[in-house]
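The values are calculated or read from the model by the stated rules, or taken from the named source; none is laboratory data. Because the structure is predicted, anything quoted here is derived from the model rather than measured. Note that each Cβ is placed from the backbone with ideal geometry, even for glycine, and that neighbours are counted across all protein chains shown.
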């Protein structure tokens, strides 16, 4: 269910919400779109959350449907849970509470004093934590653990300039994954799942970790090879595996802590995600600008003209030439233009003066007849 604060981002005088079988856009959370035919009317799908494995990206791209997510909307929630799990990994909080609940009698206070030494833990201060992924979540975990007195090592070969600026210069970066694993008492993972990083942490990587180290995975299922982790736990190579992703063999192991995928499950994160997704959708529907898309390039251009044409097409040579040639035949003057690509998909926005409905109908038909063009759309400035 989408938080009502997100729905409120769509003014009722402009948008109709949940009132049609052929929507122009979908705002979702965990609905499995692999089982839902979303149709050609859907210009965009926004996922209120970071993961988009519930959306068929290839089908969406071939349909000319832009898919958005909301990176960072739940980052603080995940960071706070990571800190909690680090503490639970080092202090026997659960077992001490369960022991204390069984005490009874007039000398409970004395019993607790005498028994407390059975629950001695360790401190995070001066321990080394390796953070794989320094994006929205990882960078926050880095700062928070540094504030706890931990030595922080980061590794992220794909870190963006934006997130790099947010990180303290006091936080060293590992040259490679092996260096991070060999130096860390704790390793926590905060990268998106891709085919390239499936089983990023497997037998070889676990063998490089310190004896008795603790591994946390609050990123995505599949990044860590479960059987390799179980083998490492059984051999006491690592002491604990803490994760948000469960399976029968992991959840029943004595040295695992499994939470039921609650990393980003806070009221604040759900509201943040809903608002961010709604605002992203509105920006695309009203201006054609694309930000935070997982299947299309980032494309932003000031909307200073009266009329905008957007084209989604295959990323092949001479597409811009074909498009502008058709516009020239209609005596349409281009005020501004931008073209960006991402892998096999490209996106072109063209600003011009007002074009009548009749002229645009013919223009759209001709542009749509270019074999590589997937979708043509008009946006009139209000």
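Quick one: which of 24, 18 is without any contact (Cβ under 8 Å) to a residue 40 or more places away in the chain and touching a helix residue (DSSP H, G or I) at 6+ places or on another chain (Cβ under 9 Å)?
Sole residue among the options that is without any contact (Cβ under 8 Å) to a residue 40 or more places away in the chain and touching a helix residue (DSSP H, G or I) at 6+ places or on another chain (Cβ under 9 Å): 18.
From 327, 367, grab the single residue that is farther than 20 Å from residue 298 by Cα, touching a residue at least 12 places away in the same chain (Cβ under 8 Å) and within 38 Å of the chain's Cα centre (by Cα).
Criteria check complete, one pass: 367.
Can you tell me which residue in the stretch 89-107 is modelled with the lowest pLDDT, limited to those that are crowded, with 16+ Cβ neighbours inside 10 Å and part of a helix (DSSP H, G or I)?
99
Pick from 256, 298, 280: which is in contact with a strand residue (DSSP E or B) (Cβ under 7 Å, 6 or more places away or on another chain) and buried (at least 22 other Cβ atoms within 10 Å of the Cβ)?
Residue meeting the stated conditions: 280.
Within the stretch 128-148, work out how many residues are part of a loop (DSSP other than H, G, I, E, B) and in contact with a helix residue (DSSP H, G or I) (Cβ under 8 Å, 6 or more places away or on another chain).
3
Can you confirm whether residue 125 is out of contact with any strand residue (DSSP E or B) (no Cβ under 9 Å at 6 or more places or on another chain), closer than 30 Å to residue 182 by Cβ and without any contact (Cβ under 8 Å) to a residue 40 or more places away in the chain?
yes
Rundown of residues vs (1) under 22 Å from residue 222 (Cα atoms); (2) touching a helix residue (DSSP H, G or I) at 6+ places or on another chain (Cβ under 9 Å), yes/no style:
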| residue | (1), (2) |
| --- | --- |
| 72 | yes, yes |
| 81 | yes, no |
| 97 | no, no |
| 102 | no, no |
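Would you confirm whether any residue within the stretch 74-83 is more than 30 Å from residue 255 (Cβ to Cβ) and either modelled with pLDDT of 90 or more or more than 25 Å from the chain's Cα centre (by Cα) (or both)?
No, because not a single residue in the stretch 74-83 is more than 30 Å from residue 255 (Cβ to Cβ) and either modelled with pLDDT of 90 or more or more than 25 Å from the chain's Cα centre (by Cα) (or both).
Checking residue 237 against (1) farther than 22 Å from residue 140 by Cα; (2) within 22 Å of the chain's Cα centre (by Cα), only one condition comes out false. Which one?
(2)
Those residues that are over 24 Å from residue 121 (Cβ atoms) and either touching a residue at least 12 places away in the same chain (Cβ under 8 Å) or in a strand (DSSP E or B) (or both), I need them from the stretch 228-250; list them, please.
Hits for the stretch 228-250 are 228, 230, 231, 245, 246, 247, 249.
Identify all residues within the stretch 39-49 that are at negative phi and touching a helix residue (DSSP H, G or I) at 6+ places or on another chain (Cβ under 8 Å); write none if there are none.
40, 42, 43, 44, 45, 46, 47, 48
Only one of (1) more than 11 Å from residue 134 (Cβ to Cβ); (2) modelled with pLDDT under 95; (3) surrounded by fewer than 14 Cβ atoms within 10 Å (Cβ to Cβ) fails for residue 221. Which number is that?
So the condition that residue 221 fails would be (3).
Output the residue which, of all residues in the stretch 50-62 that are without any contact (Cβ under 8 Å) to a residue 40 or more places away in the chain and either within 20 Å of residue 213 (Cβ to Cβ) or part of a helix (DSSP H, G or I) (or both), is nearest to the chain's Cα centre (by Cα).
Of everything passing the filter in the stretch 50-62, 58 is nearest to the chain's Cα centre (by Cα).
Would you tally the residues in the stretch 63-88 being in contact with a strand residue (DSSP E or B) (Cβ under 9 Å, 6 or more places away or on another chain) and in a loop (DSSP other than H, G, I, E, B)?
4
So is residue 296 within 23 Å of residue 15 (Cα to Cα), at pLDDT 95 or above and part of a loop (DSSP other than H, G, I, E, B) or not?
no
Tell me, which strands (runs of 3 or more DSSP E) wholly within the stretch 303-382 include 2 or more residues that are outside the structural domain of residue 288 (by TED's automatic domain parsing), loosely packed, with under 11 Cβ neighbours inside 10 Å and touching a helix residue (DSSP H, G or I) at 6+ places or on another chain (Cβ under 6 Å)?
Correct list: empty, since no element meets the threshold.
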